[in-house]
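Student: Just dropping this structure here.
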Amino acid sequence: MNLLTLRNKVYQEPAIPRIPEKFILGSIAEIEERYELVTTNHHGTSGWDSFLAWKIDDPDFIKWAQPYFDFDLTEHKRTFTYQAMMPEVTKHKDVHRKYVYNYILDAGGDEVDTVFFDDVTEDANELFRFRIPTHKWNRLHVKTPHEVVGQTKRRLGITVCKVTKQP
């Protein structure tokens, strides 16, 4: 696979509109009050709260979002979630999903990049680097090794994915 083809596989900006403001919660406290915590720390990082996800079960939000995806947003507890990630999540490949759609609410800093590599090892070669915009959908191939760099605080977003079985 040539680099341009691979680049287009690992990062896309699908034509999904901005999420209406009425559905967006702006703080972890608001999210915790409204939604069920469904996963923690699945990337194997240190600390119980390095990675958190809360299941979005608002029927109106689901009704708005569902037409943009070709799978049921209610089929799994991790299909449609708010996610918060601390800077210490390191280079990895996702286990339970192949592609993820992200809508970043807070990138976690001013110069935050998502970096893709040819391997998960310490000496892996960087393939691509993307500064993903906030309040715009992106689609990432998360079976390609990747990490987020430049974070100085918690990253917050809304994530949609088709959950696959564990390997």
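Student: Can you list residue pairs whose Cβ atoms sit under 8 Å apart, with the first residue in the stretch 14-32 being closer than 18 Å to ALA65 by Cα and the second being among the polar types (S, T, N, Q)? Count only pairs 6 or more apart in sequence or on different chains.
Tutor: Hits for this filter: PRO14/ASN138.
Student: Yes or no: the stretch 134-156 includes at least one residue that is assigned to a loop (DSSP other than H, G, I, E, B), within 21 Å of LEU6 (Cβ to Cβ), touching a His at 6+ places or on another chain (Cβ under 8 Å) and touching a residue at least 40 places away in the same chain (Cβ under 8 Å).
Tutor: Within the stretch 134-156, one or more residues are assigned to a loop (DSSP other than H, G, I, E, B), within 21 Å of LEU6 (Cβ to Cβ), touching a His at 6+ places or on another chain (Cβ under 8 Å) and touching a residue at least 40 places away in the same chain (Cβ under 8 Å).
The rows are residues; the columns are (1) open to solvent by less than 50 Å² (accessible area, probe 1.4 Å); (2) acidic (Asp, Glu); (3) touching an Asp or Glu at 6+ places or on another chain (Cβ under 9 Å); (4) touching a residue at least 12 places away in the same chain (Cβ under 8 Å).
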| position | (1), (2), (3), (4) |
| --- | --- |
| PHE80 | yes, no, yes, yes |
| ALA84 | yes, no, yes, yes |
| THR90 | no, no, yes, yes |
| ASP94 | yes, yes, no, yes |
| TYR99 | no, no, no, yes |
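Student: It is to be established whether one or more residues within the stretch 30-50 are under 22 Å from THR121 (Cβ atoms), assigned to a loop (DSSP other than H, G, I, E, B), hydroxyl-bearing (Ser, Thr, Tyr) and in contact with a strand residue (DSSP E or B) (Cβ under 9 Å, 6 or more places away or on another chain).
Tutor: For the stretch 30-50, residues under 22 Å from THR121 (Cβ atoms), assigned to a loop (DSSP other than H, G, I, E, B), hydroxyl-bearing (Ser, Thr, Tyr) and in contact with a strand residue (DSSP E or B) (Cβ under 9 Å, 6 or more places away or on another chain): present.
Student: Check the stretch 54-68 and report whether any residue there is in contact (Cβ under 8 Å) with a residue 24 or more places away in the chain, under 30 Å from ASP119 (Cα atoms) and in a strand (DSSP E or B). Give the derivation first.
Tutor: Within the stretch 54-68, the first condition is being in contact (Cβ under 8 Å) with a residue 24 or more places away in the chain, and the residues that meet it are 54-56, 58, 60-61, 64-65, 68.
So of that shortlist, the ones also under 30 Å from ASP119 (Cα atoms) come out as 54.
Going one step further and asking which of them are in a strand (DSSP E or B), we end up with 54.
Yes, the stretch 54-68 has at least one match.
Student: Separate question: Quick one: is LEU52 open to solvent by less than 20 Å² (accessible area, probe 1.4 Å) and under 25 Å from ARG18 (Cβ atoms)?
Tutor: On the way: open to solvent by less than 20 Å² (accessible area, probe 1.4 Å): yes; under 25 Å from ARG18 (Cβ atoms): yes.
When the stated conditions are applied, LEU52 passes them.
Student: Would you pick out the residues in the stretch 157-167 that are outside any strand (DSSP E or B) and not aliphatic (A, V, I, L, M)? Show your work before the answer.
Tutor: Going through the stretch 157-167, the residues outside any strand (DSSP E or B) turn out to be 161-167.
Those that are outside any strand (DSSP E or B) and not aliphatic (A, V, I, L, M): CYS161, LYS162, THR164, LYS165, GLN166, PRO167.
Student: I've got another one for you. Identify all residues within the stretch 79-114 that are in contact with a Ser or Thr (Cβ under 6 Å, 6 or more places away or on another chain) and polar (S, T, N, Q); write none if there are none.
Tutor: Across the stretch 79-114, the qualifying residues are THR81, GLN83, ASN102.
The values are calculated or read from the model by the stated rules, or taken from the named source; none is laboratory data. Note that the structure is predicted; figures quoted are calculated from it, not measured. Neighbour counts are summed over all protein chains in view; Cβ atoms, including those assigned to glycine, are modelled from backbone coordinates with ideal geometry. Note: accessible area is taken over every heavy atom of the protein model, side chains too, but ligands, DNA and RNA are not part of it. Shrake-Rupley method; radii C 1.70, N 1.55, O 1.52, S 1.80 Å.
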